[in-house]
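The values are calculated or read from the model by the stated rules, or taken from the named source; none is laboratory data. A quick note: this is a predicted structure, and the numbers were derived from the prediction, not measured. Here the Cβ is made from the backbone with ideal geometry for all residues, glycine too, and neighbour counts use every protein chain on show.
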Amino acid sequence: MKKSIFDLTPRQIVRELDQYIIGQDEAKRAVAIALRNRWRRRRVEGEIGDEILPNNILMIGSTGVGKTEIARRLARLAGAPFVKVEASKYTEVGYVGRDVEGMIRDLVESAVAQVRSEYTSMVEEEAEERVEEQLLDLLLPPPPKQKPTSERATVLSDIISAMDAQVGAEEGGDEDTPDETPEPPAPEVSEAAKERYQRTREKLRTRLREGKLEDREVEIRMSERGGGMLQVFGPMGMEEMGINLQEMLGPMMGGGKKKKRRVTVGEAASLLFAEEIDRLLDMDAVVTEAMHRTEEMGMIFIDELDKIAGGDEGGGPDVSREGVQRDILPIVEGTRVTTKYGPINTDHILFIAAGAFHVSRPSDLIPELQGRFPIRVEMKNLGKKEFVRILTEPRNALVKQYVAMVGTEGATLEFEKDSIKAIAEFAEQLNETMENIGARRLHTVMTSLLDDVLFKLPSPRLKKIVITRKDVRATLESMLEDEDLSRYIL
């Protein structure tokens, strides 16, 4: 099982984030402390543990400075339920759109998927063994359980002989095929047939594991999932009320019935494996654990919080931004939200919000919501120095990504040190003269720089590509001179 990020110390969490995020030490430090505090709360004895509430975080900074990247990396690192939502997608109660409680339901679904995946890994081996036996039964039906008559034994013996001969022919001969002898009495034939059946079954098992039977067709019986999708129209859908219509109406719409399908062995293995996993999993235990993790360890990253800050201007049909804030407030404060799995208490869910706050300010949020985000972190704008590090240091650095992609074409790509600095200088200059989009500017600069190379590959003339400072200036300076062109391309 993957180690949870909550088992790491704050310094270890920061080191993990340092592998992907350059700078923003204050933000990484705040996130690390908040996560570790959750681990500490769960180990506090007595009733006081329930009184310790999470310190929600508000990250303030321009686009492209790392707010979303911190959320993405937390999602990768966290062995806990995590969802990222955008505040601007929600609407005030009474308007058609997504209810803010949907973020809690999304979190629960994330937890159920996570726990189901963990529990599946525990029963995978048993499920694979069951599927293998089922496939062998389909390829070579087992003998009847009752004691066969002489006629039945003869028929069974003929079937196995034919299958045995086929397997032997495919393998280039069968040394186990018995010599022709007069047919013994019925009971002896039955025992011999059973032994031959087991030998043939083991041969088929070997060929099945080697993947030599993947294209052979078999007929299986699968449970139907029920009729099509049922869509509900209205200001509040059935999902918002925590009702699972698929489970309620499944039997009425044909769910649970068995249907014959003729598929290849490879397809049958996937279908039967999914069915066996469903049989082996205790979904009640999965849901119980998922609900517990959601309440105790759940994290929600709310992006674009600045888009709902400030009062309504001009009236009209626009959805009230303050109304959305007031709907989010009780969820952040702590309330019970109904889901299709049961009610969820949001008291101990950690909320991390982020926004650029160019037009509005955090003080434009309603006071009650401001108070629920006591930790505020100012994200620093990025410049040439940070861009050079972003291009080369992280494990997923842009330079490393392009080197890997060019390598798939049988060519090598190298960047001289001066070329990296030139790329960073151009990115910084473009951010100063046009819209400041932070590190995202590096993507547009690199795409423009390598456009010609990526178009010409693969080519026998392009086996080793070295990008110099001269190449960077020759490619990008002409675009900088044409302000209108650079505005659309860079």
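Every condition in (1) assigned to a helix (DSSP H, G or I); (2) out of contact with any Gly (no Cβ under 8 Å at 6 or more places or on another chain); (3) surrounded by 20 or more Cβ atoms within 10 Å (Cβ to Cβ) holds for ARG29 except the one numbered (3).
Test THR9 against the criterion of being in the same structural domain as GLU304 (by TED's automatic domain parsing) and of a type in the set (Val, Ile, Thr), and give yes or no.
In short, yes.
Do you know which residues across the range 433-458 are closer than 20 Å to GLU69 by Cα, surrounded by 17 or more Cβ atoms within 10 Å (Cβ to Cβ) and not charged (D, E, K, R)? ASN436, ILE437, GLY438, ALA439, LEU442, VAL445, MET446, listed by residue number. Only residues that are touching a residue at least 60 places away in the same chain (Cβ under 8 Å) and under 11 Å from PHE351 (Cβ atoms) were counted across the range 362-373, and they come to 2.
Return a yes/no flag: does the range 404-419 have any residue that is surrounded by fewer than 14 Cβ atoms within 10 Å (Cβ to Cβ) and closer than 24 Å to ASN381 by Cα. Yes, some residue in the range 404-419 is surrounded by fewer than 14 Cβ atoms within 10 Å (Cβ to Cβ) and closer than 24 Å to ASN381 by Cα.
Among the residues of the range 434-453, which ones are touching a residue at least 40 places away in the same chain (Cβ under 8 Å) and either assigned to a helix (DSSP H, G or I) or more than 33 Å from the chain's Cα centre (by Cα) (or both)?
As a first pass, look at the range 434-453 and keep what is touching a residue at least 40 places away in the same chain (Cβ under 8 Å): 434, 436-446, 448, 450, 453.
MET434, ARG440, ARG441, LEU442, HIS443, THR444, VAL445, MET446, SER448, VAL453, listed by residue number.
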